[in-house]
1. Would you say residue 49 is over 17 Å from residue 258 (Cα atoms), in a loop (DSSP other than H, G, I, E, B) and out of contact with any Gly (no Cβ under 7 Å at 6 or more places or on another chain)?
2. Search segment 26-70 for residues being touching a residue at least 24 places away in the same chain (Cβ under 8 Å), of a type in the set (Ser, Thr, Tyr) and under 30 Å from residue 132 (Cα atoms), and hand back the single one that is most open to solvent (accessible area, probe 1.4 Å).
3. Residue 175 is checked against (1) part of a loop (DSSP other than H, G, I, E, B); (2) of a type outside the set (Asp, Glu); (3) farther than 23 Å from residue 92 by Cβ; (4) open to solvent by less than 30 Å² (accessible area, probe 1.4 Å) and fails just one. What number does that condition carry?
4. Starting from segment 114-128, keep only residues that are open to solvent by 50 Å² or more (accessible area, probe 1.4 Å), then list their pairs with residues that are within 13 Å of ligand 1 (Cβ to nearest atom) and of a type in the set (Ser, Thr, Tyr) whose Cβ atoms are within a distance under 7 Å, requiring at least 6 positions of separation or different chains.
5. Which residue, of 99, 136, is more than 18 Å from residue 62 (Cα to Cα), more than 16 Å from the chain's Cα centre (by Cα), within 16 Å of ligand 2 (Cβ to nearest atom) and part of a loop (DSSP other than H, G, I, E, B)?
6. Within segment 78-86, does at least one residue satisfy the condition of being in contact (Cβ under 8 Å) with a residue 40 or more places away in the chain and either open to solvent by 30 Å² or more (accessible area, probe 1.4 Å) or out of contact with any Ser or Thr (no Cβ under 9 Å at 6 or more places or on another chain) (or both)?
7. Can you tell me which residue among 218, 229, 238 is under 27 Å from residue 319 (Cα atoms) and assigned to a loop (DSSP other than H, G, I, E, B)?
Amino acid sequence: MDIRDKYDRVIDYMRISVTDRCNLRCIYCMPFEGIRPIGYKSLLGYEEITRVVTIAAGLGVRKVRITGGEPLVRRNLPFLVESISAVEGIEDISLTTNGQALKRHARALADAGLKRVNVSLDSLYPERYREITRGGDIDEVFKGIFEAERAGLEPIKINMIPLRGINDDEVEDFGRLTVNTSLHVRFIEFMPTGSRDLWSWDRCVSTEEIKGRVSKIGPLLPVKIRKSGPARYFRFEGASGVIGFISPMTHHFCESCNRLRLTSEGTLRPCLFSETEIDLKAPMRRGSTDKEVERLLRLAVQSKPERHSIPSEQHVDYLKPLSKIGG
Ligand code: SAM
Ligand code: SF4
Ligand code: SF4
């Protein structure tokens with residue numbers, strides 16, 4: 001069974017934000033003072049999340065990504081991973097993390113059924129990394145990646161956001177990482193979210209420009225990765241790793257969109273760029289049946305827009321911070 005939206009896209013992927021809290025304050029994601037987190041009671045509980053996943057799996061969702069905020073600051077995450085991996089139909093569970101606490105949790109997460117991790121890393125220089133994340137320790141990220149590899153959470157994907165004048169001089173170094181390691185490096189265009197002071201068109205480095213820069217290392221050969229959603233992948237000849245581009249600002253490949261987002265507050269967000277959200281938490285807490293929750297899931301799928309309008313010089317909509325939506 002699969003579920004298709006109005007534009008005949010198969011929706012088989014759910015991103016789940018388990019918290020809007022974070023142990024870092026990346027300059028592109030949050031203001032210096034952070035963002036007031038929602039109260040514990042407003043967070044969807046692990047049993048509630050598992051219930052939503054079970055109903056979604058009945059509709060054809062096969063892949064789940066756990067994100068946040070920083071998912072590893074939520075207690076007992078392996079318990080949730082184990083519950084989700086026991087859901088019939090779920091074939092793949094992955095996690096997006098800043099890596100600060102990955103070393104401690106990688107093994108337990110893998111044992112619970114986690115398959116892969118994406119690690120956000122925006123500089124290879126310790127001091128610059130600390131500045132971008134406002135306090136992060138790059139050694140912890142490297143130790144986390146190493147431990148995740150040992151636990152078999154591969155391929156490990158690195159998410160890097162090039163910011164002009166801040167870290168864009170490292171684009172080629174990140175590209176080179178894919179030559180001798182099996183890392184997947186994904187370059188993400190900077191989006192106008194929580195960090196209004198930092199975002200500008202000039203600060204955002206387009207996929208086209210990044211591609212041009214990494215191509216200096218060697219020609220990029222297209223790689224077909226099944227169900228890659230709105231990301232596009234390439235590799236250098238003979239390289240073990242892969243380079244990906246995610247281009248929300250210049251070309252988001254919405255025609256291959258396959259996802260829904262479940263926020264930490266228990267709403268379904270049909271599209272990253274649309275403010276529409278459908279509340280699941282209140283009906284579930286009022287005692288809704290699985291049939292009713294299923295109806296709301298179907299409604300979210302049917303509410304997916306065909307595409308988001310690519311922002312222009314004249315018009316930019318600022319999004320809620322990704323820590324709130326679930327990046
Ligand atoms: N805390 C975890 C982390 O940093 O990996 C997971 C949540 S974070 C919101 C998920 C992803 O969103 C990260 O890879 C981060 O780089 C990305 N992100 C956050 N703000 C962004 C922005 N303004 N533009 C593009 N990507 C952004
Ligand atoms: Fe935290 Fe991730 Fe946002 Fe950085 S990008 S502040 S690590 S939620
Ligand atoms: Fe899907 Fe919306 Fe992202 Fe387009 S912008 S790929 S429709 S979530």
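The values are calculated or read from the model by the stated rules, or taken from the named source; none is laboratory data. What you see is a predicted model, and the numbers here were worked out from it, not measured in a lab. Cβ atoms come from the backbone with ideal geometry, glycine included; neighbour counts cover every protein chain shown. Note: areas computed on protein heavy atoms with side chains; ligands, DNA, RNA excluded. Shrake-Rupley method; radii C 1.70, N 1.55, O 1.52, S 1.80 Å.
1. Considered against the rule, which asks whether it is over 17 Å from residue 258 (Cα atoms), in a loop (DSSP other than H, G, I, E, B) and out of contact with any Gly (no Cβ under 7 Å at 6 or more places or on another chain), residue 49 comes out as no.
2. Checking each candidate, the answer is 42.
3. Residue 175 satisfies every listed condition except (1).
4. Pairs found: 115/94.
5. On the way: 99 fails: more than 16 Å from the chain's Cα centre (by Cα).
Residue meeting the stated conditions: 136.
6. Looking for residues that are in contact (Cβ under 8 Å) with a residue 40 or more places away in the chain and either open to solvent by 30 Å² or more (accessible area, probe 1.4 Å) or out of contact with any Ser or Thr (no Cβ under 9 Å at 6 or more places or on another chain) (or both), one finds none in segment 78-86, hence no.
7. Numbers: 218 fails: under 27 Å from residue 319 (Cα atoms); 238 fails: under 27 Å from residue 319 (Cα atoms).
Sole residue among the options that is under 27 Å from residue 319 (Cα atoms) and assigned to a loop (DSSP other than H, G, I, E, B): 229.
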